[in-house]
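A.B. asks: Here you go, one structure.
Each value in this text was obtained by applying a stated rule to the coordinates, not by laboratory testing. Since the structure is predicted, the reported quantities are computational estimates derived from the model, not experimental observations. Positions of Cβ are backbone-derived with ideal geometry, glycine not excepted, and every protein chain shown enters the neighbour counts.
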């Protein structure tokens, strides 16, 4: 299997390991979040949003927490979509500049 840098393995409620690609991390209102995409093909279109919380003193020690508050979840999704839209618009601007 191809080794990729942005892969994280999580254990679900049935104690099964699942691999996810880290699509993005972002900071919003003083908290850090991550967007994960499953590597399994049948779940390809479904991204997951987690809050990142530090656990312990080490920088590498963290826990991913499911967001249960609908308002918090929506704010993160809106911020993520806004970033994607900005990136898309920048790509369009670059394409236009290349044509000149």
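A.B. asks: Test of understanding: extend the Cα→C-beta vector of residue 66 to 7 Å, then name every residue of the range 4-24 with backbone N under 11 Å from that spot.
C.D. replies: Answer for the range 4-24: 12-14.
A.B. asks: Run the numbers for residue 11 and residue 29: contour at 0.36 nm per residue of separation, minus the present Cα-Cα distance, in nm. Please list the in-between numbers first.
C.D. replies: Working: separation 18, 0.36 × 18 = 6.48 nm, distance 2.80 nm.
Stretched out fully, the residue 11 to residue 29 stretch lengthens by 3.7 nm.
A.B. asks: Moving on. Based on other C-beta atoms within 10 Å, arrange 63, 76 from fewest to most.
C.D. replies: Placing the least packed residue first, the sequence is 63, 76.
A.B. asks: Provide the gained length on full extension for the span residue 75 to residue 52, in nm with one decimal, where the gain is 0.36 nm per separating residue minus the Cα-Cα distance. Kindly include the intermediate steps, with their values, before the conclusion.
C.D. replies: Details: separation 23, 0.36 × 23 = 8.28 nm, distance 1.51 nm.
Value of the extension gain: 6.8 nm.
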